[in-house]
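*Asks:* Have a look at the structure that comes next, please.
The values are calculated or read from the model by the stated rules, or taken from the named source; none is laboratory data. Just so it is clear, the model here is predicted, and its values are computed rather than measured. Here the Cβ positions follow ideal geometry from the backbone for every residue, glycine too, while neighbour counts run over all protein chains shown. What goes into the accessible areas is simple: the full protein's heavy atoms, side chains included, and nothing from ligands, DNA or RNA. Shrake-Rupley method; radii C 1.70, N 1.55, O 1.52, S 1.80 Å.
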Amino acid sequence: ATNSQCVEREGYFYGAPELIVEVHSPATTKIDKQKKFNTYEQHGAREYWMVDPIGQIIEVWQQDADTATFVRLGVYSEGDTFTSLALGKPVALKNIFA
């Protein structure tokens, strides 16, 4: 797996993003949770949030520094808080689905 930072050169971005936030719809959930998940993991994205607006949850995956694979941090809903590696701070989900 590649673990490169996303950098901008001459108006283009190269490398894996630090954070991917994807809002799922019923029509794309399978593709997002399989194909896109594997692609993001393979190319070294640091953190991936899967947002389910119907179920009102956010599933958070973070890259393990030793294995360069995603490890599920947890599944969170309104009122929960988790610490984002990409943002470097806690994220409170208060009012996120309001």
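*Asks:* Calculate the spin-label point distance for residue 19 paired with residue 69, positioning each point 7 Å from the Cα along the beta-carbon direction, and give it in nanometres.
*Replies:* So the label points at residue 69 and residue 19 sit 2.6 nm apart.
*Asks:* Related question: At residue 30 and residue 83, where each label point lies 7 Å from the Cα along Cα→Cβ, what is the point-to-point distance in nanometres?
*Replies:* A separation of 3.8 nm, rounded to one decimal place.
*Asks:* Just tell me which aspartates and glutamates come within less than 15 Å, Cα to Cα, of residue 94; anything on the same chain fewer than 8 places away is out.
*Replies:* Of all the aspartates and glutamates, those that pass the test against residue 94 - Cα under 15 Å, at least 8 places apart if same chain - are 78, 80.
*Asks:* Sticking with this structure for a sec: Which aspartates and glutamates, on any chain, are close to residue 35 with Cα under 14 Å apart, when same-chain ones fewer than 8 places away are left out?
*Replies:* Counting by Cα, and skipping residues close in sequence, residue 35 has these aspartates and glutamates nearby: 22.
*Asks:* Let me ask something additional. Extension gain residue 98-residue 56, at 0.36 nm per residue separation less the Cα-Cα distance, in nm?
*Replies:* Residue separation times 0.36 nm, minus the Cα-Cα distance, leaves 14.2 nm.
*Asks:* Within the accessible area of the chain, what % is carbon and sulfur when the probe is 1.4 Å and the other protein chains stay in place?
*Replies:* Result for the chain: 52 percent of the exposed heavy-atom area is carbon or sulfur.
*Asks:* First select every other residue whose beta carbon is under 11 angstrom from the beta carbon of residue 86; then total the charges, Lys and Arg +1, Asp and Glu -1.
*Replies:* Result for the neighbourhood of residue 86: 0.
*Asks:* OK, next. With a ≥ b ≥ c taken as the square roots of the eigenvalues of the C-alpha gyration tensor of segment 21-98, please select rounded if a/c is under 1.5 and otherwise prolate if a/b is larger than b/c or oblate if it is not?
*Replies:* Note, shape of segment 21-98 comes out oblate.
*Asks:* Further, regarding this structure: Please compute the net charge surrounding residue 44, taking Lys and Arg as +1 and Asp and Glu as -1 over other residues with Cβ under 13 Å from its Cβ.
*Replies:* Within the 13 Å Cβ shell, the charges total -3.
*Asks:* Top to bottom by accessible area (1.4 Å), largest first, where do 48, 76 land?
*Replies:* Largest accessible area first, the list is 76, 48.
*Asks:* Roughly how many Å² of residue 61 are accessible to a 1.4 Å probe, to the nearest 10?
*Replies:* 50 Å²
*Asks:* Considering the options 34, 93, 13, tell which one lies farthest towards the positive end of the dipole of the chain, charges being +1 on Lys and Arg and -1 on Asp and Glu at the Cβ, about the Cα centre.
*Replies:* Going by the Cα projections, it comes out as 34.
*Asks:* If you don't mind, there's one more thing I want to ask. Pull out the extension gain between residue 39 and residue 10, defined as 0.36 nm times the separation in residues minus the alpha carbon to alpha carbon distance; nm, one decimal.
*Replies:* 7.9 nm
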